[in-house]
Structure formats: structure tokens, C-alpha cells
Amino acid sequence: MYFDVFVNDQRVATVGPSDLRHLLINVAVYDGEISLSANGLSDQNEGQVYFTWLQEDLNETDSVRITRSRESEASEPKQTRNLRRDQKANKEDVFCDFCKRDEDEVGVIIQAGDTPFICFECIEMCSEVAKEMDSN
């Protein structure tokens, strides 16, 4: 099963396929910035592969629409990362497991054990959420 993602009635990507273990199409707001992402996770021989089709900023007036696609294949992913269990990750495989951005975008990314990887922006956000929860 594939999905077409439209921004302002223009198709920006076809995402899938149906053999993905996980597919997430997401509109997020963080510090007033709006972003659209489409990511998927697939099991493969040596581990898992994480696909990124979309990682775009949106304006407040943009409209987003997601529909089942009639396409028989997905758009070429903008990024593919190998997630190897119990192996040291290559530089190109290192990205924040929370915001899905790589070190070129967010700076240093740290790792606790084998996984997960997390950037300092996401650490700050988690810390703020934890403080708010603690004060309630």
C-alpha cells in the first residue's frame, strides 16, 4: 500500500511500500516551526533500514492532504539509513531517533549504549517536558 502526500494540492511524494514495518507521515510543530515528514522502517537481511521521503518546513497557510495512491512504487527516498543492532553505526547512519535529523543538521548526537541516538535539541525538549510533568 502506497500513499500520496500533497502540499497545497501538489503531490510532493509517494511513500510506502506495504512491506514496511512502520510508516509515519507526520505534521509537527516545535517552537512555532511547522514541519512535514514521511519516514518508514523496513526489516532487511543485516538489520533494519530507515527511509526518509520528506522532511520539509511548512507555512501556517499550507494545506496537507494524504491519500491512498494508485502508484505501484514509492518516490525515491531522500535518505536511507541502516540501523544495525549490536554494531557500531557508520557516520552516515547516525541520526537522532527522536527528530530524525542527522549531525549535519543538529550538531553532535550522542548515543546511550547501542541505541537510541539523541541530539541536544531533543534532550532539551525532553527535559522541559519532564520538568512540566514533575510540577503537575
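The values are calculated or read from the model by the stated rules, or taken from the named source; none is laboratory data. Only a predicted model underlies this, so the values are computations on that prediction, with no experimental measurement involved. Please note: Cβ atoms are built from the backbone with ideal geometry, for glycine as well, and neighbour counts cover all protein chains shown.
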Handout entry: Residues located in the range 31-81, provided they are surrounded by 12 or more Cβ atoms within 10 Å (Cβ to Cβ), over 13 Å from the mean Cα position of the chain (by Cα) and either outside any strand (DSSP E or B) or not assigned by TED's automatic domain parsing to the domain that holds residue 10 (or both)
Key = 62, 69, 71, 74, 75
Exercise for the section: Scan the range 26-48 and give yes if some residue there is β-branched (Val, Ile, Thr) and either in contact with a Lys or Arg (Cβ under 8 Å, 6 or more places away or on another chain) or under 14 Å from residue 74 (Cα atoms) (or both), otherwise no. Expected result: no
Handout entry: Residues being in a strand (DSSP E or B), exposed (fewer than 14 other Cβ atoms within 10 Å of the Cβ) and touching a residue at least 12 places away in the same chain (Cβ under 8 Å) - total across the range 1-30
Key = 5
